[in-house]
Amino acid sequence: MKRPLGSWPLLSGPNKNGSRHIGIRVLPDAARQLEERGYIVANKMYERSVDRNAISNVRIGDVFDVRFDGDKGWWAWQDDVRLGCLTWSLSSFEAREWREAMPRIDEGTLQVIRLVLDATGIVVNAGGIVRPLGDPIPPVKKAVPDAQEYVPTLRAAVGVDGDVRVAKENVGGAPRVGQSPAPLPRSRKSIWERLTRH
């Protein structure tokens, strides 16, 4: 008998094929905090590698073993059943000009925080937080740290000779977990009107 899914927020979907993602949202600031602790957020597993029968009864909060196969893949295991291969590659752990290397975990645990459901509501994939073996696993509702949402905006400075310098910056929004704030209403005034208003 399948366990109930529970009531979790919709993260994305429904997609064209009817699938949807549910669970706990990880904002970029929260992902950075987890990486600083040496943890990795695994969005899901390679679809072709997933054991469909075993994954169908996985639920948010479940904890599984993660092991590197010594070659190319990191696999999630439930006892002696291989659930699926995480969507990492060896290159994920090499620094690049545009990103830092992910922390490498060859033996660890996967705490499920998101599920992929098909059009009929059956679980077909899962993702979560991977921690090194032996690190404590908090209750699932405390697994994702509080995060600051950043709202992109522009800041303009008008010089004494009338020149205008515009720079992009991020303004902190309200601290929140797992949701994005409502979009700010657009101003009907032009940027020049707003800069020259006294």
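A few points about this structure:
- Number of the condition not met by Lys168 [criteria: (1) modelled with pLDDT of 90 or more; (2) touching a Pro at 6+ places or on another chain (Cβ under 8 Å)]: (1)
- Of the residues making up region 104-135, those that are part of a loop (DSSP other than H, G, I, E, B) and either at pLDDT 95 or above or surrounded by fewer than 17 Cβ atoms within 10 Å (Cβ to Cβ) (or both) are Arg104, Asp106, Asp118, Ala119, Thr120, Gly121, Ile122, Leu133, Gly134, Asp135.
- Long-range neighbours under 6 Å by Cβ, at least six apart or interchain, first residue of a type in the set (A, V, I, L, M) and open to solvent by 10 Å² or more (accessible area, probe 1.4 Å) within region 62-76, second in a strand (DSSP E or B) and modelled with pLDDT of 95 or more: Val63/Thr109; Val63/Gln111
- Residue pairs meeting the criteria (Cβ under 6 Å; at least 6 apart or on separate chains; first closer than 17 Å to Val140 by Cβ and modelled with pLDDT of 90 or more, in region 8-23; second outside any loop (DSSP other than H, G, I, E, B) and among the polar types (S, T, N, Q)): His21/Ser12
- Any chance Ala95 is modelled with pLDDT of 80 or more, of a type in the set (Gly, Ala, Ser) and open to solvent by 40 Å² or more (accessible area, probe 1.4 Å): no
- For region 1-22, the tally of residues that are assigned to a strand (DSSP E or B) and of a type outside the set (Ser, Thr, Tyr) stands at 5.
The values are calculated or read from the model by the stated rules, or taken from the named source; none is laboratory data. This is a predicted model, so every value here is computed, not measured. Cβ: placed from backbone, ideal geometry, glycine included. Neighbour counts: every protein chain shown. Protein only, heavy atoms only, side chains kept; ligands, DNA and RNA dropped before computing areas. Shrake-Rupley method; radii C 1.70, N 1.55, O 1.52, S 1.80 Å.
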